[in-house]
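The values are calculated or read from the model by the stated rules, or taken from the named source; none is laboratory data. This is a predicted model, so every value here is computed, not measured. Positions of Cβ are generated from backbone atoms using ideal geometry, with glycine treated the same way; all protein chains shown enter the neighbour counts.
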Amino acid sequence: MEYSFSGRIWKLPDDVDTDTIIPGRYGVLPTAKEMSKHCLEPLRPELASTARPGDIFVAGKNFGCGSSREFAPECIKALGVNCIIAKSFARIFYRNGINNGMFLIECDDVYDECKEGDTLTVEVNKCIRVNGKEIAIKEMPENLFEIIKNGGLVEHYSKMNRQEG
Amino acid sequence: MGYTIAEKILMRNTGLDHVEPGQIVMTKPDCCMIHDIYTDFVVKKIDDMGFKKLAIPEKAVIFLDHLCPTNQASGDPVHYHRGFELSNRFGIERIHAGEGISHTLMHEYRYALPGTVAIATDSHTPTYGGGGCFCTGVGYTEMAATLGSGEMWMKVPEAIKITVEGTLQKNVSAKDVILTVLRDLRSDGGTYKSMEFMGDTFENMEMSGRFTIANMSLEAGCKTALFAADEKTAEYFDMPLSEIEWVRADEDAVYAQELYYKAEDIVPQLSCPQGVDNVHSIDEVKGTKINEVYIGSCTNGSLDDMRVAAEILEGKHVAPYLKLVVIPASIGIYKQAMKLGYIDTFVKAGASVSHPCCGLCCGQPYGLMSDGEAVLGTNNRNFIGRMGTVRSLIYLSSPATAAASAIAGVITDPRA
């Protein structure tokens, strides 16, 4: 399962909570796409309008802490950001993110090796390459990798069940 | 380097010969429990994902306990009907309605077994870890995906080793032990971790006490809470010890954190309004007036808990202004408590004894509290408004403290 992708880095601090990712007052908007226009607004007001599909977030510890709102990872994904590399993730955000088909990678060593705007490459199950450094990452089981590639649990199983007819 | 109990069970389940914290593994859960409140959502998600049949209907079990019998005619019955729809459409033969609380029945029915992996749609799922079962709560989307595929990914948790050695004082019990641990770990101290309990205090503890501790470890945010399988476990589950004695941590297992307590130093503890980790010892809160006492729940509704309460209430009567509600956690416990005379003791002491269910613990009848009223419960949560209005006050304690306090009408030390 060789798979790699590259993207431009946005750097985010420690303890980015889900209220910062999508303030509660925008939770009533009808779609994740519309919510995503306000993604991370309190922290980085310019981010939502200038992020490009394929960009990657590199964050500190405990990313996604706070309220368990499932639309926090959904609205980051709606921006086209499908990979977050953090020193650690809050538990519920982590499960929600992966089950929504995002690459969430826990790694201590990337943060200090890069700055915002740098380009980073992820070789899934192998390493992260940035600024000439190669940083090893943990393996994930092949079937989970398939779920992520297919866009998450619901999409993965709908697709599989449609194929089986 | 050795392994924790959690790591050993995940290795057995996945067939991997090594795992380490942070690694993601694909498990095949041995038991998947769905309770009412989520039956409706699970059916919807199974349909959204397009599953026509489930991969593992024989591993599924449905309990109707939160809303059974129903409380609100407007919304509750749908969960009941969708529970039976889930059972009928997908061939889930194990369904129990109104037999008591799911978490108690999961080990009473021997569904959640030592050394296996179980998931359930409720947060208090770590309960069965008292019997050495790796068990954790999941959302309804993941439940639907797991029932449909037979698999669920998990991150291998770090572990916290909690050792207690020595003999607990009279009328100090498992609940006081876990409240002491919660006081120190706080409500997020166990997040994503496996809390593993060892030491001779637990070796001498009945299974009911181990289930109490595993149940309430969830309030520290843990993924699972585990006890080694021993002779008591083997006897409870009617399994040969040789089959399950591997369910114990290696001597050289690696822990993220270690806590140590002497059993003799542990005194009655109470969670005070409002936060489970707002724990105070009995000396700080005794004398506080309470309006109601609730003895029951998946934390402390066992036959042993009924016995402790009955021994204290025997021949006594509750304070004139105080309401006492007692709910045995299952029909089996209810029947035993009748046979042993405990129910008779409760009724003579002035208690209302209700049918086995989650009851007041999840804000269902009977006994909801009003502004300014205080309830002392043996359950697991005192979040604002959980057992009545937002201005009602909730204290949590052991059954012994609850029974002694019911007689006095104020929070009372059961050792006295």
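Taking segment A:119-151 only, how many residues are within 9 Å of chain B (Cβ to nearest Cβ) and of a type outside the set (Lys, Arg)?
Final tally of qualifying residues: 7.
If A:GLU134 satisfies every condition in (1) at pLDDT 95 or above; (2) crowded, with 16+ Cβ neighbours inside 10 Å but one, which is the exception?
It is condition (2) that A:GLU134 fails.
Let me spell it out: the conditions are (1) of a type outside the set (Lys, Arg); (2) touching a residue at least 40 places away in the same chain (Cβ under 8 Å); (3) in a helix (DSSP H, G or I); (4) more than 14 Å from chain A (Cβ to nearest Cβ), and B:LEU218 meets all of them except one. Which number is the exception?
Checking B:LEU218 against (1) of a type outside the set (Lys, Arg); (2) touching a residue at least 40 places away in the same chain (Cβ under 8 Å); (3) in a helix (DSSP H, G or I); (4) more than 14 Å from chain A (Cβ to nearest Cβ), the one that fails is (4).
Of the residues B:ILE327, B:ILE343, B:ILE331, only one is touching a residue at least 40 places away in the same chain (Cβ under 8 Å) and β-branched (Val, Ile, Thr); which?
Testing whether each residue is touching a residue at least 40 places away in the same chain (Cβ under 8 Å) and β-branched (Val, Ile, Thr) leaves just B:ILE331.
Restricting attention to segment A:107-117, and to residues there that are more than 12 Å from chain B (Cβ to nearest Cβ) and exposed (fewer than 15 other Cβ atoms within 10 Å of the Cβ), which single residue is nearest to A:ALA90 (Cα to Cα)?
A:ASP109
Any idea which residue in segment B:103-153 is surrounded by the fewest Cβ atoms within 10 Å (Cβ to Cβ), counting only those that are within 14 Å of chain A (Cβ to nearest Cβ) and of a type in the set (A, V, I, L, M, F, W, C)?
For segment B:103-153, the residue satisfying everything is B:TRP153.
Take the residues in segment B:368-379 that are within 24 Å of B:SER123 (Cβ to Cβ) and among the aliphatic types (A, V, I, L, M), then tell me which one is surrounded by the fewest Cβ atoms within 10 Å (Cβ to Cβ).
B:LEU368
Could you check segment A:58-112 and list, in sequence order, the residues that are under 17 Å from A:MET35 (Cβ atoms) and among the basic types (Lys, Arg)?
Scanning segment A:58-112 gives A:ARG69, A:LYS77.
Sort out which residues of segment B:37-56 are more than 18 Å from B:SER102 (Cα to Cα) and either away from chain A (no Cβ under 13 Å) or surrounded by 22 or more Cβ atoms within 10 Å (Cβ to Cβ) (or both), and write them in order of number.
Matches in segment B:37-56: B:VAL43, B:LYS45, B:ILE46, B:MET49, B:LEU54, B:ILE56.
Looking only at segment B:320-367, how many residues end up being assigned to a loop (DSSP other than H, G, I, E, B), of a type in the set (A, V, I, L, M) and surrounded by fewer than 19 Cβ atoms within 10 Å (Cβ to Cβ)?
Residues that pass the stated criteria total 1.
Take segment A:27-43 and flag every residue that is touching a Phe, Trp or Tyr at 6+ places or on another chain (Cβ under 9 Å) and either in a helix (DSSP H, G or I) or of a type in the set (Ser, Thr, Tyr) (or both).
A:GLY27, A:ALA32, A:GLU34, A:MET35 - these are the residues of segment A:27-43 that are touching a Phe, Trp or Tyr at 6+ places or on another chain (Cβ under 9 Å) and either in a helix (DSSP H, G or I) or of a type in the set (Ser, Thr, Tyr) (or both).
Taking the options B:GLU196, B:GLU258, name whichever one is of a type outside the set (Val, Ile, Thr), crowded, with 18+ Cβ neighbours inside 10 Å and in contact with a Lys or Arg (Cβ under 6 Å, 6 or more places away or on another chain).
Answer to the selection: B:GLU196.
Within segment B:107-122, can you find the residues that are part of a helix (DSSP H, G or I) and either in the same structural domain as B:ILE333 (by TED's automatic domain parsing) or in contact with a Cys (Cβ under 9 Å, 6 or more places away or on another chain) (or both)?
If the condition is that a residue be part of a helix (DSSP H, G or I) and either in the same structural domain as B:ILE333 (by TED's automatic domain parsing) or in contact with a Cys (Cβ under 9 Å, 6 or more places away or on another chain) (or both), then B:HIS107 is the only one that fits.
When the residues of segment B:229-253 are narrowed to those that are in contact with a helix residue (DSSP H, G or I) (Cβ under 9 Å, 6 or more places away or on another chain) and closer than 18 Å to B:VAL156 by Cα, which ends up surrounded by the most Cβ atoms within 10 Å (Cβ to Cβ)?
B:VAL247
Going by what's in this entry, would A:ARG91 be described as within 14 Å of chain B (Cβ to nearest Cβ) and free of Cβ contacts under 8 Å to residues at least 12 places away in the same chain?
Judged against the criteria, A:ARG91 is a match.
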